[in-house]
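What follows is one structure encoded as structure tokens, with my remarks underneath.
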Amino acid sequence: MYEEIKQKANAAILEILEKSGLEKGDIFVVGCSSSTVCGEGYGMASSMDIAQALFDGIYPELQSRGIYLAAQCCEHLNRAIIISRDAARQQGQDQVNVVPQPKAGGSFATITYRTIDTPVAVEHIKAKAGMDIGGVLIGMHLCEVAVPLYLKNNMIGQAHITAALTRPKFIGGERAHYNDSLK
């Protein structure tokens, strides 16, 4: 099961990276319910093994490109974010004091906290793109304006994947001209 989940997570992140145009220093947020991956309700079957497989499929691809991973905690920690200290500073965010656990923060956030260099928890970020595994609602941590990405690789186990990238706002009126490269 580990290899299958890792491969599906890897296929999804590669597809998102191909479509999103993320660059070194950008932040990518992942919200994840390991319970939904195995077909259970939220928080009913938290699995560190599933979270590890997802992390192992996603993180190396981000890390090799210099993109920061931000792991969204569950509602028990008010959707706090686990991120590296450097990324938190880049975003101008103050650290909050909490350490995620499988049943209070979620398995994916726990794995992230235990694995990345200099992990900290913050309350808010503005990520350039993200992946929601199992419908846990990452929108509060995306920059304006979120644009949905339609993926061929849209399932991991029993969990549906929703992905989004962001783009700058279009402003102005009928005389405005836009930079098409900003999409």
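Observations on the structure shown:
- Residue 7 vs. criteria surrounded by fewer than 19 Cβ atoms within 10 Å (Cβ to Cβ), part of a helix (DSSP H, G or I) and at pLDDT 95 or above: yes
- Once the stretch 26-48 is narrowed to residues that are closer than 17 Å to residue 155 by Cα and among the β-branched types (Val, Ile, Thr), the residue that is modelled with the highest pLDDT is 30.
- Within the stretch 54-93, the set of residues being among the aliphatic types (A, V, I, L, M) and more than 19 Å from residue 106 (Cα to Cα) comprises 62, 67, 87, 88.
- Criterion applied to 109, 146 was being within 12 Å of the chain's Cα centre (by Cα), buried (at least 16 other Cβ atoms within 10 Å of the Cβ) and under 27 Å from residue 15 (Cβ atoms), and the one residue passing it is 109.
So that you can scan it fast, the table gives a plain yes or no per residue for (1) surrounded by 21 or more Cβ atoms within 10 Å (Cβ to Cβ); (2) closer than 18 Å to residue 165 by Cβ; (3) more than 15 Å from the chain's Cα centre (by Cα); (4) of a type in the set (Phe, Trp, Tyr):
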{"residue": "2", "(1), (2), (3), (4)": "no, no, yes, yes"}
{"residue": "21", "(1), (2), (3), (4)": "no, yes, yes, no"}
{"residue": "24", "(1), (2), (3), (4)": "no, yes, yes, no"}
{"residue": "33", "(1), (2), (3), (4)": "yes, no, no, no"}
{"residue": "49", "(1), (2), (3), (4)": "no, no, yes, no"}
{"residue": "57", "(1), (2), (3), (4)": "yes, no, no, no"}
{"residue": "71", "(1), (2), (3), (4)": "yes, no, no, no"}
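For (1) under 16 Å from residue 29 (Cα atoms); (2) touching a helix residue (DSSP H, G or I) at 6+ places or on another chain (Cβ under 7 Å), each residue gets a yes or a no:
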position	(1), (2)
91	yes, no
95	no, yes
109	yes, no
137	yes, no
146	yes, yes
164	yes, no
169	no, no
177	no, no
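- Inter-residue pairs, beta-carbon under 7 Å, first more than 24 Å from residue 18 (Cα to Cα) and in the stretch 67-95, second among the acidic types (Asp, Glu), 6+ apart: 80/123
- Of all the numbered requirements in (1) modelled with pLDDT under 95; (2) among the β-branched types (Val, Ile, Thr); (3) closer than 25 Å to residue 57 by Cβ, residue 145 misses one, and that requirement is (3).
- Selection count, the stretch 125-139, where residues are more than 22 Å from residue 42 (Cα to Cα) and surrounded by fewer than 21 Cβ atoms within 10 Å (Cβ to Cβ): 1
- Count - residues of the stretch 123-143 that are under 14 Å from the mean Cα position of the chain (by Cα) and farther than 19 Å from residue 53 by Cα: 13
The values are calculated or read from the model by the stated rules, or taken from the named source; none is laboratory data. If you're wondering where the values come from, they're calculated on a predicted model, not measured in any experiment. No Cβ is skipped: glycine too gets one built from the backbone with ideal geometry, and neighbour counts run over all protein chains shown.
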